[in-house]
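The values are calculated or read from the model by the stated rules, or taken from the named source; none is laboratory data. Just so you know, these numbers come straight off a predicted model, no measurement behind them. Every residue, glycine among them, receives a Cβ derived from its backbone with ideal geometry; neighbour counts consider all protein chains shown.
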Amino acid sequence: MIITDVVLFSGGLDSAVILLGRDPASTLAVFVGYGQSHEDVEYSYARAFAERHGYTLGFIDATGMLSGGLCGDGDSPVVPLRNALLLNLACSIAEREGAESVWIGCNRDDRKVFADCRPAFRLAFNAMLEACESRVRVRMPLTMSTKRDVAALLRDRGGRVEDTWSCYYPTEEDEPCGECMACKAREGVWASR
């Protein structure tokens, strides 16, 4: 298998759209476990989605190197520099595999809260890659799309919203909490159907 694209794949709506836009024959999807509270359910959705659509899914266990995992501050889902860390891991894999692009799903709604989902972050990250003489570049094609736009694009590409996971704090029964920022954004997607 010749890898041309690496997709950071959480099993969520945005990364599912990115994945379905790539050729399964030359794409490696990568899930990173970093101690997130929703890792088990998120990974099960990612694995099932990748299998259903014919993609290879790799797993990186980054919990140990992060001394117990990353977490937001209280009720905030913001994890400072999380995407920078995840992209560094994915870019290393892409470099090893000979791929030229690492794809991450960051939409316009995310830009309001997450600094590392903004176009300026991508430009700076790619400048760092260039300074390191890497051929890999980070792609963030959804930064002008709202969550509703992304859901419509997923359906256009043959995916189903219900096959993705978006909750930060699942219940003990692995059901969405219905209260976190990701659940609220998802409610807007369902309302737009």
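Points to keep in mind about this one:
- Counting the residues of region 154-169 that are among the aliphatic types (A, V, I, L, M) and in contact with a Cys (Cβ under 9 Å, 6 or more places away or on another chain) gives 0.
- Leu153 satisfies every condition listed in (1) out of contact with any Gly (no Cβ under 9 Å at 6 or more places or on another chain); (2) at pLDDT 90 or above except (1).
- Against the conditions (1) modelled with pLDDT of 90 or more; (2) within 19 Å of Ser15 (Cβ to Cβ), Met128 satisfies every one except (2).
- Where a residue in region 21-42 is farther than 24 Å from Cys167 by Cα and its partner, wherever it lies, is surrounded by fewer than 18 Cβ atoms within 10 Å (Cβ to Cβ) and among the basic types (Lys, Arg), with Cβ under 6 Å and at least six apart: none
- Qualifying position, being assigned to a helix (DSSP H, G or I), on the phi < 0 side of the Ramachandran plot, of a type outside the set (Gly, Ala, Ser) and touching a residue at least 60 places away in the same chain (Cβ under 8 Å), among Val150, Val113: Val150
- The set of residues from region 145-181 being buried (at least 17 other Cβ atoms within 10 Å of the Cβ) and within 15 Å of Ala46 (Cα to Cα) comprises Leu154, Gly159, Val161, Thr164, Trp165, Ser166, Cys167, Tyr168.
- Region 22-38, residues that are at pLDDT below 95 and not in a strand (DSSP E or B): Tyr34, Gly35, Gln36, Ser37, His38
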